[in-house]
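Read through the structure below, which is laid out as structure tokens, and then see the notes.
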Amino acid sequence: MIAYIEPYFLDNDADAASVTGQSFDGVSESLHIQGEILCGGAATDIAGKDFGGMNCVKPLAVVRPVGPEDIAGAVRAALRSDKLTVAARGNGHSINGQAMAEGGLVVDMRSTAENHFEVGFLPSGAFVDVSGGALWENVLKRCVSEYGLAPRSWTDYLGLTVGGTLSNAGVGGQAFRYGPQTSNVTELDVVTGNGDVVTCSEVENSELFFSVLGGLGQFGIITRARVLLQPAPDVVRWIRIVYTEFDEFTRDAEWLVSQKVESSFDYVEGFVFVNGDDPVNGWPTVPLHPDHDFDPTQLPQSSGSVLYCLELALHYRDSDSNSTVDKDRFELSRPP
Ligand SMILES: Cc1cc2nc3c(=O)[nH]c(=O)nc-3n(C[C@H](O)[C@H](O)[C@H](O)COP(=O)(O)OP(=O)(O)OC[C@H]3O[C@@H](n4cnc5c(N)ncnc54)[C@H](O)[C@@H]3O)c2cc1C
């Protein structure tokens, strides 16, 4: 069954204020923040929508904080009020309105993106302290270009914020080895529901730490995360394999993710696509090689309406010889 959810529209800023009975002037006077408070116009339009396009609820205002104290100010303003709500918004890629606050305050975390970027080294390994509002693509670029390091676990799509994915889980092709992104952070700075700024980890304020990770922004707002790093590969071999049969696809996937580290791929992910030329969900979306799209003439006649794809990658360091790159792991035999 496919359920269709009727979008709910609030048409103007007066509507947004009437939801909670709060006036913009009243709220903005009580906020006392250094950053911007925006009411109406593009800022509230954008914060009233998300990637899913199913919900549309206008906030009273968008707060663009300069740091944790501004975020704490917004939370305290909500605490003082009976009805005002606050939601952190990363890059708005939620699909069901999770980063919205109807008639409330949306805290646009992107304004804090540059607040932290510091790489450190401990006996246990390297890490980077980054802002909750930073985009993963920028974290990755800086870690690789300035230090030759990379986070151990990424999302596939990197136009998401650190706080946004840590509030979910953050999964991609390395999660089979390192776990989701939530398993690859060791410390957080969080603005709590009381408006306090608290540092937490597995050993310090651990209840807050484990609540905030995967907590959909309901237990606090992440302003800094300490993310584990590892050496970035110099060369990556990228492979895609298309299957017509679901059983073969899952059998291979399960086998690949259960191999020992030294004999497995570094990235394994599977997805399903439409067996047709649909530009959004079909063959055109599955380049098998940078220069070649999927070739449907090679499909067996019996193939069904959907196809399955395994995406694999092998990571190499410059020190690996070319012959190793050519041979390595292609000797893996298929599971029985
Ligand atoms: C095109 C696309 C590709 C995607 N690819 C992947 C993928 O490869 N792997 C994957 O795991 N997911 C993926 N997702 C899902 C994505 O991880 C979640 O939707 C994620 O929450 C989006 O991050 P965001 O920065 O846009 O957060 P938002 O959508 O803005 O916010 C998400 C939730 O986190 C809360 N939040 C935001 N910032 C903070 C913060 N600093 N502190 C506390 N709470 C906060 C919000 O209130 C909200 O509840 C994808 C989504 C899309 C649309």
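The values are calculated or read from the model by the stated rules, or taken from the named source; none is laboratory data. Note that this is a predicted model, so its numbers are computed, not measured. Positions of Cβ are generated from backbone atoms using ideal geometry, with glycine treated the same way; all protein chains shown enter the neighbour counts.
Quick look at the values:
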{"read-out": "Residues satisfying the stated conditions in region 79-106, i.e. on the phi > 0 side of the Ramachandran plot and either within 6 Å of the ligand (Cβ to nearest atom) or without any contact (Cβ under 8 Å) to a residue 40 or more places away in the chain (or both)", "value": "G92"}
{"read-out": "Single condition E69 does not satisfy, out of (1) more than 9 Å from the ligand (Cβ to nearest atom); (2) in the same structural domain as A225 (by TED's automatic domain parsing)", "value": "(2)"}
{"read-out": "Complete set of residues in region 287-314 that are surrounded by 16 or more Cβ atoms within 10 Å (Cβ to Cβ) and acidic (D, E)", "value": "E311"}
{"read-out": "First in region 172-186 and assigned by TED's automatic domain parsing to the domain that holds F209 and over 19 Å from S124 (Cβ atoms), second anywhere and assigned to a helix (DSSP H, G or I) and among the polar types (S, T, N, Q), Cβ under 9 Å, 6 or more apart", "value": "G172/Q181; A175/Q181; A175/S183; P180/T165"}
{"read-out": "Members of region 1-51 that are among the aliphatic types (A, V, I, L, M) and either in contact with a helix residue (DSSP H, G or I) (Cβ under 8 Å, 6 or more places away or on another chain) or modelled with pLDDT of 60 or more (or both)", "value": "L10, A16, A17, V27, L31, I33, I37, L38, A42, A43, I46, A47"}
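For every residue, the table says whether it meets (1) within 12 Å of the ligand (Cβ to nearest atom); (2) buried (at least 20 other Cβ atoms within 10 Å of the Cβ).
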residue	(1), (2)
T161	yes, yes
S167	yes, yes
Q174	yes, yes
D196	no, no
C200	no, yes
N205	no, no
